[in-house]
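The values are calculated or read from the model by the stated rules, or taken from the named source; none is laboratory data. Since the model is a prediction, treat every value here as computed from it, not as a measurement. Virtual Cβ from ideal backbone geometry, glycine too; neighbours counted across all protein chains shown.
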Amino acid sequence: DQQVKQNSPSLSVQEGRISILNCDYTNSMFDYFLWYKKYPAEGPTFLISISSIKDKNEDGRFTVFLNKSAKHLSLHIVPSQPGDSAVYFCAAAVSGTYKYIFGTGTRLKVLA
Amino acid sequence: DSGVTQTPKHLITATGQRVTLRCSPRSGDLSVYWYQQSLDQGLQFLIHYYNGEERAKGNILERFSAQQFPDLHSELNLSSLELGDSALYFCASSVGTGSSYGYTFGSGTRLTVV
């Protein structure tokens, strides 16, 4: 049973436009969420996080939105740059456990 | 360089064999986590150690075991290997039992079982 789902395996976006990556979860106990970015031949690197007490967190070009009632979060990248081309994973945890459950990833390709 | 070191980077071995993957956490981190990424799969949590003690177990097969040593490095032992064990194995570390910034991952060990 996949508790964290990223239903779009890939996404292509034109440089300068907005990239929106989606993530759904099923466990209502999850209250801490992260996004990671992964380049080929490297480990995932932390990008941005959000706790369930917020519905939005922003860091530069990256914004994560959380809709608790829909059990849905999304990552917005504005403007998208070719260097953003990578696989993006969302992850969720029950705070205090720090056992993060990861989605299957979405491969983002930003076209120059 | 994330500060988390995994060796070896690549490993090719035959079915039925046993291998050991090694992870050195980032300096100061007491927690080590092991994840498996198979083809088209997300990162599957295997096991978590904190300061030498096992803290949480995920979908780790009985053929797999891990430990964390007094110097905080960790080893993941995979035995009676099957073709389906071919995957990327990531180690991650964090301060304490987690942090609001998540984990720091190593660059992984690619295991190929032939």
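The table that follows gives values for the structure above.
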{"quantity": "Pick from the stretch B:72-100, criterion modelled with pLDDT under 95 and part of a loop (DSSP other than H, G, I, E, B), ranking: farthest from the other protein chains (Cβ to nearest Cβ)", "calculated": "B:VAL95"}
{"quantity": "Residues of the stretch B:8-24 satisfying the condition of being among the hydroxyl-bearing types (Ser, Thr, Tyr) and outside any strand (DSSP E or B)", "calculated": "B:THR15"}
{"quantity": "Residue under evaluation B:TYR103, criteria (1) in contact with a Ser or Thr (Cβ under 6 Å, 6 or more places away or on another chain); (2) at pLDDT 95 or above; (3) of a type outside the set (Asp, Glu), criterion not met", "calculated": "(2)"}
{"quantity": "Some residue of the stretch B:91-113 being touching a Pro at 6+ places or on another chain (Cβ under 7 Å) and aliphatic (A, V, I, L, M)", "calculated": "no"}
{"quantity": "Selection within the stretch A:38-56 - touching a Ser or Thr at 6+ places or on another chain (Cβ under 7 Å) and more than 11 Å from chain B (Cβ to nearest Cβ)", "calculated": "A:LYS56"}
{"quantity": "Residue that is nearest to A:SER28 (Cα to Cα) [pool: residues in the stretch A:57-112 that are within 13 Å of chain B (Cβ to nearest Cβ) and among the charged types (D, E, K, R)]", "calculated": "A:LYS99"}
{"quantity": "Pair list, Cβ under 9 Å, 6 or more apart: the stretch B:40-61 residue more than 9 Å from chain A (Cβ to nearest Cβ), other residue of a type in the set (Asp, Glu)", "calculated": "B:ILE47/B:GLU54; B:LEU61/B:ASP85"}
{"quantity": "Residue in the stretch B:25-42 that is farthest from B:LYS57 (Cα to Cα), counting only those that are more than 10 Å from the chain's Cα centre (by Cα) and assigned to a strand (DSSP E or B)", "calculated": "B:GLN37"}
{"quantity": "Elements of type strands (runs of 3 or more DSSP E) in the stretch A:41-112, at least 3 residues being charged (D, E, K, R)", "calculated": "A:56-59"}
{"quantity": "Enumeration of residues in the stretch B:7-31 that are buried (at least 22 other Cβ atoms within 10 Å of the Cβ) and either within 12 Å of chain A (Cβ to nearest Cβ) or among the small types (Gly, Ala, Ser) (or both)", "calculated": "B:CYS23, B:SER31"}
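For (1) surrounded by 13 or more Cβ atoms within 10 Å (Cβ to Cβ); (2) more than 18 Å from A:THR106 (Cα to Cα), each residue gets a yes or a no:
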{"position": "A:ASP31", "(1), (2)": "yes, yes"}
{"position": "A:GLU58", "(1), (2)": "no, yes"}
{"position": "A:PHE62", "(1), (2)": "yes, no"}
{"position": "A:LYS68", "(1), (2)": "yes, yes"}
{"position": "A:HIS72", "(1), (2)": "yes, no"}
{"position": "A:HIS76", "(1), (2)": "yes, no"}
{"position": "A:ALA86", "(1), (2)": "yes, no"}
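Listed here are the residues, each with its yes/no results for (1) more than 13 Å from the chain's Cα centre (by Cα); (2) hydroxyl-bearing (Ser, Thr, Tyr); (3) farther than 21 Å from B:SER93 by Cβ.
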| position | (1), (2), (3) |
| --- | --- |
| A:CYS23 | no, no, yes |
| A:ALA41 | yes, no, no |
| A:ARG61 | yes, no, yes |
| A:SER85 | yes, yes, yes |
| A:CYS90 | no, no, no |
